[in-house]
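> Below are the structure tokens for one structure; questions will follow.
The values are calculated or read from the model by the stated rules, or taken from the named source; none is laboratory data. Small disclaimer: the values here were computed from a predicted structure and weren't measured. Please note: Cβ atoms are built from the backbone with ideal geometry, for glycine as well, and neighbour counts cover all protein chains shown. For accessibility, only protein heavy atoms count, side chains too; no ligands or nucleic acids. Shrake-Rupley method; radii C 1.70, N 1.55, O 1.52, S 1.80 Å.
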Amino acid sequence: SLYSLGYLFYNQKNYRKAQGYFEEFRTKAKNESELSQNYEDALVRLGDCFLANKEYAQALKSYDTALPINKTDKDYAMYQKGLTLKFLGRDSESKEVFEKFTKTYSASRLIDDALFQNAILEMDKSNYASAVSIFTDLLRKKPNSVLVPQVLLKRALSYSNIQSHDKAISDYKVIINKFGKTEFAEEALLGIRESLNA
């Protein structure tokens, strides 16, 4: 019932209350000889609650505790750990986690998210050629990802920064023609104008 109450508040986005129930469940379940799937899941959800409440150090601790014992959501826990490290400003560690993720969980439903985060970290360090390479890999691996318009926009921006304006224009055109109804189309119009001027 503690686990169910945790989920009830978690689904209502009341992460503070959910955190309390998951924490109590974790403490009591630890005394039982059999660590159930619910216990594994509760550790990950506890991390999610800490993350939502911007308690990054606690979130990191929860994901680190969950990773060695989790059987079903290991990829999710690792992705969330990478994200948490990014929020903590520990970019090099975050990058290591995302790189390990892409090698270990290439078939994960989160592979496009992990590649995207990795590429953004490269952009943040002004490693635009490397970002282009990761974005291209993402588009090759996940051509139907919901992130495609955003990826094209970031790749076009990276192309502009390495003076590959023709390639940037090409990406901007794809966004305008194929994703004209998305929020990224307006940014693509501004970007194409700048690239054409350049």
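> Using each residue's phi in region 156-169, evaluate 6.51 cos²θ - 1.76 cosθ + 1.60 at θ = phi - 60° and report the 3J(HN,Hα) Karplus result to the nearest Hz, with x for Gly and Pro.
Each residue's phi maps through the Karplus curve to give 4, 4, 5, 4, 4, 5, 10, 6, 9, 5, 4, 5, 4, 4 Hz.
> From the square roots a ≥ b ≥ c of the eigenvalues of the alpha-carbon gyration tensor of region 2-116, which class results: rounded (a/c under 1.5), prolate (a/b over b/c), or oblate?
prolate
> Round to the nearest 10 and give me the degree value, 0 to 90, for the angle of helix 184-197's Cα axis relative to the longest principal axis of the chain.
Tilt of helix 184-197: around 40 degrees.
> Follow-up question, since we're still on this one. Run the helix sum for the chain: -39,500 (n - 2.57) per DSSP H stretch of 4+ residues, divided by residue count, reported at 222 nm to the nearest 500 deg cm²/dmol.
Calculated from helices alone, the mean residue ellipticity at 222 nm is -25000 deg cm²/dmol.
> Counting only the heavy atoms of the protein chains, how much of Thr104 is accessible to a 1.4 Å probe, in Å² to the nearest 10?
Near enough 80 Å² of accessible area.
> Let me ask you something else. Under the rule a/c < 1.5 gives rounded, and otherwise a/b versus b/c splits prolate from oblate, where does region 133-198 land using the Cα gyration tensor?
It comes out oblate by the Cα gyration axes.
> Which one is right for this structure if Rg and Dmax of the Cα atoms in Å is calculated from it: (i) 18.0, 54; (ii) 19.9, 68; (iii) 15.2, 44?
(ii)
> When Lys and Arg each count +1 and Asp and Glu each count -1, what net charge do the other residues less than 11 Å away from Asp137, Cβ to Cβ, add up to?
+3
> Please work out the Cα center distance from region 88-129 to region 32-77, rounded to the nearest Å.
20
> Only Cα pairs under 8 Å and at least 6 apart count here; give the relative contact order of the chain as a rounded whole percent.
It comes to 10 percent, rounded to a whole number.
> Reachable lysines from Lys167, Cα under 25 Å, same-chain residues fewer than 8 places away excluded?
Within reach: Lys125, Lys141, Lys142, Lys154, Lys178, Lys181.
> Using only Cα atoms and rounding to the nearest 10 degrees, what angle (0 to 90) does helix 56-69 make with the longest principal axis of the chain?
Taking the Cα atoms of the chain, the angle to 56-69 is about 70 degrees.
> Return the carbon/sulfur percentage of the accessible area of region 27-167, one whole number, probe 1.4 Å, all protein chains in place.
After summing per-atom areas, the C and S share lands at 48 percent.
> Specify the angular offset, from 0 to 90 degrees and rounded to the nearest 10, of the alpha carbon long axis of helix 111-124 from the longest principal axis of the alpha carbons in the chain.
60
> Another question about this same structure. Rounded if a/c is under 1.5, else prolate if a/b is larger than b/c, else oblate: which is region 71-155, with a ≥ b ≥ c the root eigenvalues of its Cα gyration tensor?
Judged from the Cα gyration tensor, region 71-155 comes out oblate (a/c at least 1.5, b/c at or above a/b).
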